[in-house]
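Structure, as structure tokens:
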Amino acid sequence: MKLVDKVAVVTGGARGIGLAIAERYLAEGARVVVADVDTEAIDAGLVSLDAGERAIGRRLDVRDSASIDAMVASVQERFGTIDILVNNAAVFDMAPVLEVSEESFDRQFAVNVKGLFFTLQAVAAAMVEQGRGGAIINMASQAGRRGEALVSTYCATKAAVISLTQSCGLDLIRHGIRVNGIAPGVVDTPMWEEVDALFARYEGRPLGEKKRLVGEAVPMGRMGRPEDHAGAAVFLASEDSDYVVAQTLNVDGGNWMS
């Protein structure tokens, strides 16, 4: 019970890694806000969490500053505080460099970088006003550690997340706010069906082959699961990581060493 009496906001929290972290936070004693752009997915996620009034849903479009501000105000009104933010909302697309559209480029940066930053800014401002510090966890990716031929824009967004984690961590620690990140590797979520289909299209592979190959290439011998990331998220949100600042922790089965 490492997070008793804490209030955590998890963006993109209605499915996948976000929902797994929300479930683990509840088990550690926190109250959790599942914030997502998809209200139907929020409802389904809350049903699966089955936590009563300890888990609530809030619609959040991180591309819209008014939506961010409304979410923060609503959580403060309901719970009186925000102690933890997991910046998990993200989108993915891929294409060869010569085929990347401006629309795809702008959408990925709008959600993965701009949305992440201004959600962090709004929650950090609330934490400063509260005067009790806090923990912010940005979800990066192994894609932010290196380039990939077909994933240029997404890799760039996640590299920006790692950089923002460092800069924001160094700035906000004076307020007692610890900013850190988690860099997952390849994770078996419903989104990977879409990713696999894109690789099939651009690499001429049969459906399912890319997913199988990337799983076999992980030193652990399998793709990650959403719940594999929950322990790191608890660590970075709890007092166990009080002296950890501006770091991005690789949780990827050994894919990347840094």
Label-point separation, V128 to L207 (7 Å along Cα→Cβ), nm:
5.0 nm
Grab every C-alpha pair in segment 74-156, bin the distances at 5 angstrom width from 0 up to the longest one, and report whole percents.
3, 14, 21, 19, 13, 10, 9, 7, 4, 1
Chain lengthening between S167 and W256 when straightened (0.36 nm per residue, less Cα-Cα)
29.8 nm
Taking θ = phi - 60°, what integer Hz values does the Karplus form 6.51 cos²θ - 1.76 cosθ + 1.60 yield along segment 142-156, in sequence order, with x for Gly and Pro?
4, 5, x, 8, 7, x, 9, 4, 9, 10, 4, 6, 4, 4, 5
Under a straight-distance cross-link criterion of Cα-Cα below 27 Å, which lysines are reachable from K6, leaving out those fewer than 8 residues away in the same chain?
K114
Computed magnitude of the charge dipole of the chain (debye, nearest 20; Cβ of K, R +1, Cβ of D, E -1)
480 debye
Segment 145-195: D in µm²/s via Stokes-Einstein (Kirkwood Rh, Cα pairs, 37 °C, 0.692 mPa s)?
256 µm²/s
Can you give the translational diffusion coefficient of the chain in µm²/s, computed by Stokes-Einstein from the Kirkwood radius over Cα pairs at 4 °C and 1.567 mPa s?
71 µm²/s
For segment 244-258, take each phi angle, set θ = phi - 60°, evaluate the Karplus expression 6.51 cos²θ - 1.76 cosθ + 1.60, and give the result in whole Hz per residue in order, putting x for glycine and proline.
10, 9, 6, 9, 10, 8, 6, 10, 9, x, x, 5, 9, 10, 8
Around V251, which amide H atoms from residues at least 5 apart in sequence, or from another chain, sit under 5 Å from its own amide H, with H modelled in the peptide plane?
A183, G185
With the radius of gyration and the Kirkwood radius both derived from the Cα set of segment 1-56, what is their ratio Rg to Rh?
0.93
Give me the distance between the Cα centres of segment 211-258 and segment 1-45, rounded to whole Å.
18 Å
Amide H proximity to V37 below 5 Å, modelled H, separation 5+ or other chain, gives G12, L60
Residue of G181, G12, G144 that the Gaussian network model of the chain assigns the largest fluctuation, springs spanning Cα pairs under 10 Å:
G144
Under 16 Å between alpha carbons, and skipping anything fewer than 8 positions from K158 in its own chain: which aspartates and glutamates qualify?
D93, D106, E148, D252
Using all C-alpha to C-alpha distances in segment 1-153, build P(r) with 5 Å bins and read off the rounded percent in each one.
2, 10, 19, 21, 19, 13, 8, 5, 3, 1, 0
So for segment 159-250, considering every pair of alpha-carbon atoms, how many percent are separated by more than 19 Å?
54 percent
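Each reported figure results from applying straightforward, stated rules to the coordinates on display, with no laboratory input. This structure is a prediction, so every number in the text was calculated from the model and none was measured. Note: ideal-geometry Cβ built from the backbone for every residue, glycine included; neighbour counts use all protein chains shown.
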